[in-house]
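Taking it in order: structure first as structure tokens, then the write-up.
The values are calculated or read from the model by the stated rules, or taken from the named source; none is laboratory data. Just so it is clear, the model here is predicted, and its values are computed rather than measured. Methodologically, a virtual Cβ is constructed for each residue, glycine included, from the backbone with ideal geometry; neighbour enumeration extends over all protein chains shown. The area values use the complete protein model at the heavy-atom level, side chains included, leaving out ligands, DNA and RNA. Shrake-Rupley method; radii C 1.70, N 1.55, O 1.52, S 1.80 Å.
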Amino acid sequence: MSNTNGMPVTQIRRKDLTFWQKTYIPEIFKGMVLTMRHMFRPKFTRQYPEEHWNPPASFRGRPVLVTEEGTERCVACGMCARVCPALAIEVQAGETPLSKERYPERFEINMLRCIFCGFCEEACPEEAIVMSDEYELVFHHTEDAIFGKDKLLMSSDRLAGRLAFLRRSR
Ligand code: SF4
Ligand code: SF4
């Protein structure tokens, strides 16, 4: 046999199957042995939701607003809303008699938009918005996915693990 240029072409023949290979029995047997071996190994499937998973501090769950002694750290600068690639954050600033002068009168995160990227956390100059360890989000209506301050505020004690992780990794 030759190609279009008249050069000889080497033809590769596949090796003929043996009798046992044609029957597939050894391969079926090997597959069954593998299955049996796995049946007696310890199980590692988590029986969620009965068995809850506690994520490590590096985990990026839903973003929350950090509070200290009942007051949010946020100074309503709007940096988080500016960097959010999903345009999920809305901040409305208000004046406060506290030394920080401004606070978020309204702060909302649309959890249907949020992609858990953590950019808001990185951009915040006050360490006021951080990714929590909460990953269970269930909504029955789209309006329920707009999280206001009532759902976003979380004490710094509850977020101690994440805040320590951020300080270590910065
Ligand atoms: S985690 Fe990302 S997408 Fe979600 S609110 Fe923050 S910046 Fe926006
Ligand atoms: S959470 Fe941080 S970045 Fe966002 S408005 Fe408040 S202080 Fe600014």
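Below, the figures for the structure above:
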{"read-out": "Wholly within region 31-121, strands (runs of 3 or more DSSP E) carrying at least 3 residues that are open to solvent by 50 Å² or more (accessible area, probe 1.4 Å)", "value": "89-95, 102-110"}
{"read-out": "Flag if Leu137 is at pLDDT below 95 and closer than 15 Å to Thr67 by Cα", "value": "no"}
{"read-out": "Of all residues making up region 95-111, the number that are within 15 Å of ligand 1 (Cβ to nearest atom) and either under 14 Å from the mean Cα position of the chain (by Cα) or of a type in the set (Gly, Ala, Ser) (or both)", "value": "1"}
{"read-out": "Residues satisfying the stated conditions in region 149-170, i.e. surrounded by 13 or more Cβ atoms within 10 Å (Cβ to Cβ) and not in a helix (DSSP H, G or I)", "value": "Leu153, Met154, Ser155, Ser156, Arg158, Leu159"}
{"read-out": "Residue check for Val83: under 15 Å from the mean Cα position of the chain (by Cα) and at pLDDT 95 or above", "value": "no"}
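Conditions (1) within 13 Å of ligand 2 (Cβ to nearest atom); (2) basic (Lys, Arg); (3) closer than 25 Å to Ala164 by Cβ, marked per residue:
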{"site": "Thr35", "(1), (2), (3)": "no, no, no"}
{"site": "Asn54", "(1), (2), (3)": "no, no, yes"}
{"site": "Lys100", "(1), (2), (3)": "yes, yes, yes"}
{"site": "Cys114", "(1), (2), (3)": "no, no, yes"}
{"site": "Cys124", "(1), (2), (3)": "yes, no, yes"}
